[in-house]
Every structure is written in C-alpha cells, then in structure tokens.
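Chemist: The structure that follows is given in the form of structure tokens.
Every read-out reported here was derived from the displayed coordinates using simple, explicitly stated rules and does not represent laboratory data. Being a predicted model, the structure only gives us computed values, none of them experimental. Using ideal geometry, Cβ is built from the backbone for each residue, glycine included, and neighbour counts are taken over all protein chains shown.
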Amino acid sequence: MNLPNWNLLADRSLSGELLTREEAHAVLLAPDTMLLEQLAAAYRVRHHYWGNRVRLHFLLNAQSGLCPEDCHYCSQSKISSAEIEKYPLLSQEKILGAAERAAHLKAGTFCMVISGRSPSESVFGRVLEAVQEVKANYDLKICACLGLLSQEQTQRLADAGVDRVNHNLNTSETYHGEICTTHEFSDRQTTIKNVKAAGITTCSGGIFGMGESDDDVIDLALSLRELNVTSVPVNFLIPIPGTPFEGLQKLNPRRCLRILCLFRFLLPSQEIRIAGGREVHLRSLQPLGLYPANSIFIGDYLTTPGQAVNQDFQMIQDAGFVLEAPDGKPLEDLRSFVQP
C-alpha cells in the first residue's frame, strides 16, 4: 500500500474533495511512526474550521434501562444483564438541577437522553415540558436523544425549542445486523432525515471497537457525510459485563486516534466529539485526540463514569487549547476550574 502525503490529504479535505477509499484505508493502516504526522495534518483541517477552541457537552441519562431493543453494545438493552441503575423519566426538578450543573461547567449543549425504542406520548410530553423549562432558565442549547422519531415528533421538538437531536447510525449499513436486529439501519437514517426536515440540527456518529472492519469505519463516515450531519460523536466501545460485547477488546489509543483523523479528513467542517470510551481507550493520549476533534463530553456518560471535571479542564489548558463559551467565543481563563 502506498502511503499518501498527509499534508496533501489535508489540502484535499479543505478543498472539499473526497478521499479515495485507498487513501481512507491508508489513514487507518498507517504505521505508528506516522501518527504524529497524521495528527498534525488533521489539526490543519480542524483549525481551519474551529480554531483552537474546544466545545463542551453535558450528558444527562434522563431515563435509564427498560429498553426493548437488542443493541449488543448497550447495557440498557433487553438482552443485557449488566448491573445498572434503572429508572423512569426523571422529575423536572432533577432535570433542571442537571442543567444548572451543565451551565456551571460552561457546557454549551445540554444533552437529554432517554432509553427505549421511541418515547410514549406521556413521556414525550414531559420531555417537551422539561425542554421549555431548561430553555427558560439557562443559556444552553438542548440536544435530545429519544430513539426513533416520526416527522410529527421532530416538528414538536422544534416547536418546543430543541436545538439538536442525536440519533447515531452506530456502524455501517452492512455491519448493522451484527449489532442490532430489532430495527433496521434505514430506520435510523429516516429519523435523521425527519430531524433535518423539522429544521433541527443533526447529531449522529458511531461506536468503534465492535468487531467492525476498516471498510465499515469508512462506510459509516461516508454515510454521515452523505446525510450532511452537523455534529459527530465518536464513541469507543466499553465492553460492559453483561452485554453480548463484554469480551471485545479491539482498540488501542493509536487506533482510536487514526479513526479520529479519518473522520476529520472525511468530515472536515463538522463538529467531531470524542464521546464514550475516551478515558478508557485513549488513556494518556487523550490530549492528542483534541487535534482532530473539537468537542468532548464533560462529566459522566450514560451508564459509565467520565474523567473528573477538573482533569478535563487541565487537559484542555495544558495542551494549549481554549474553551468555547456558550456564545461560541473563546473562554481562556479556566483557573476557577483547574486545581492548583
């Protein structure tokens, strides 16, 4: 395999050209000795669109467990025996409390997630009420992750003030049947299209380390490019005991960084967020992930804990990046969040 010139690859990405499949494979298969060159080239693309800013998202697991789907990676699915906390939709008081913490931590986006295939009418109505309460009290963008959604539901979310809806494609269309059998890849695509039709910003990404091939990684990125999603969370599988994927150990930090580089080359202007599994799989190389990616979650994830908040702020500061304030401007003074 001929290895490309990474800077020329960055030039082509910046010009809007699509990498060839051979070039995409080269990004994923390049030797470790070239990793820093790849990161530098990906950073050129990232910096063109996002400068040196890091955007923060805060995740709330507003309804846990009780899901009828069989997604093999998920501790909340009907086939999981993982020991997790299960509860119905949180009260508005608890949701507002989480939003207050998100605002305090300078997160620009408050992500409300509920488990399940699709929300019931009663749950959906309570979510809409919670969205309006959060918007009335805090200067936060709201991202809702509610499962499969109809056109009527996405329009109601737009009317309530939801800024963004997350619905991950998770993997390639070819590999989807290996991770879930209770709905189709096309169902996920339809939800994203319904979100776009309602005028809401789209958020969709994937999970890596589930046994997918390099072609699956590439195909997922191309599907997201074709849908022109705005925000792309990149998750790395945490093989949770009690799930079908509990024994999978397919990742190392360099592989994760190469996936992030590929996504930056193929999705040059998108917000790319290092999401679940960041601390577990990037480990001591976490700061390098900020060179292709421009966003992270702060705080915990759905059923797994995240890194301590002050460590995230310290990481951003030590690497020479600046925090993006909710208004999109850089917020350089992190002293109140970083322990001396």
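Chemist: Residues being of a type in the set (Ser, Thr, Tyr) and surrounded by fewer than 20 Cβ atoms within 10 Å (Cβ to Cβ): count how many of those fall in segment 204-220.
Modeler: First, pick out the residues of segment 204-220 that are of a type in the set (Ser, Thr, Tyr): 204, 213.
This time we only want the ones that are surrounded by fewer than 20 Cβ atoms within 10 Å (Cβ to Cβ), so: 213.
Within segment 204-220, residues that are of a type in the set (Ser, Thr, Tyr) and surrounded by fewer than 20 Cβ atoms within 10 Å (Cβ to Cβ) number 1.
Chemist: Got a sec? Which of Leu237, Leu266, Leu220 is under 22 Å from Glu17 (Cα atoms) and touching a strand residue (DSSP E or B) at 6+ places or on another chain (Cβ under 9 Å)? Let's see the steps before the verdict.
Modeler: Details: Leu237 fails: under 22 Å from Glu17 (Cα atoms); Leu266 fails: touching a strand residue (DSSP E or B) at 6+ places or on another chain (Cβ under 9 Å).
Among Leu237, Leu266, Leu220, only Leu220 is under 22 Å from Glu17 (Cα atoms) and touching a strand residue (DSSP E or B) at 6+ places or on another chain (Cβ under 9 Å).
Chemist: Looking only at segment 150-179, count how many residues are among the basic types (Lys, Arg) and touching a residue at least 40 places away in the same chain (Cβ under 8 Å). Let's see the steps before the verdict.
Modeler: From segment 150-179, those among the basic types (Lys, Arg) are 156, 164; that's our starting set.
In the following step, the residues that additionally are touching a residue at least 40 places away in the same chain (Cβ under 8 Å) were identified as 164.
Matching residues across segment 150-179 total 1.
Chemist: Continuing with the same structure: If Val134 meets every condition in (1) more than 20 Å from the chain's Cα centre (by Cα); (2) surrounded by fewer than 20 Cβ atoms within 10 Å (Cβ to Cβ); (3) under 22 Å from Asp159 (Cβ atoms) apart from one, which number is that one?
Modeler: Val134 satisfies all of (1) more than 20 Å from the chain's Cα centre (by Cα); (2) surrounded by fewer than 20 Cβ atoms within 10 Å (Cβ to Cβ); (3) under 22 Å from Asp159 (Cβ atoms) except (2).
Chemist: Mind checking which residues of segment 180-198 are aliphatic (A, V, I, L, M) and either without any contact (Cβ under 8 Å) to a residue 12 or more places away in the chain or surrounded by fewer than 21 Cβ atoms within 10 Å (Cβ to Cβ) (or both)? Walk me through it before giving the result.
Modeler: Applying the first criterion (aliphatic (A, V, I, L, M)) to segment 180-198 yields 192, 195, 197-198.
Result: Ala197, Ala198.
Chemist: While we're on this one: Within segment 148-166, is there a residue that is surrounded by 15 or more Cβ atoms within 10 Å (Cβ to Cβ), basic (Lys, Arg) and in a helix (DSSP H, G or I)?
Modeler: Checked against the condition, which is being surrounded by 15 or more Cβ atoms within 10 Å (Cβ to Cβ), basic (Lys, Arg) and in a helix (DSSP H, G or I), segment 148-166 yields at least one hit.
Chemist: Go through segment 88-117 and report how many residues are closer than 19 Å to Cys74 by Cβ and within 18 Å of the chain's Cα centre (by Cα).
Modeler: Total meeting the criteria: 5.
Chemist: Please work out if Thr201 is hydroxyl-bearing (Ser, Thr, Tyr), within 16 Å of Asn228 (Cα to Cα), surrounded by 16 or more Cβ atoms within 10 Å (Cβ to Cβ) and out of contact with any strand residue (DSSP E or B) (no Cβ under 7 Å at 6 or more places or on another chain). Quick ask: steps written out before the conclusion?
Modeler: Details: hydroxyl-bearing (Ser, Thr, Tyr): yes; within 16 Å of Asn228 (Cα to Cα): yes; surrounded by 16 or more Cβ atoms within 10 Å (Cβ to Cβ): yes; out of contact with any strand residue (DSSP E or B) (no Cβ under 7 Å at 6 or more places or on another chain): no.
So Thr201 fails the test.
Chemist: Residues that are touching a Pro at 6+ places or on another chain (Cβ under 8 Å): list the helices (runs of 4 or more DSSP H) wholly contained in segment 181-268 that include at least 1 such residues. Walk me through how you get there before you give the answer.
Modeler: Numbers: elements: 185-197, 214-227, 253-266.
Here the list reads 253-266.
Chemist: Can I ask one more? With the requirement that a residue be under 12 Å from Phe265 (Cβ atoms) and either without any contact (Cβ under 8 Å) to a residue 12 or more places away in the chain or among the aliphatic types (A, V, I, L, M) (or both), what does segment 16-29 give you?
Modeler: Listed by number, the residues that qualify are Glu17, Leu18, Leu19, Thr20, Ala24, Ala26, Val27, Leu28.
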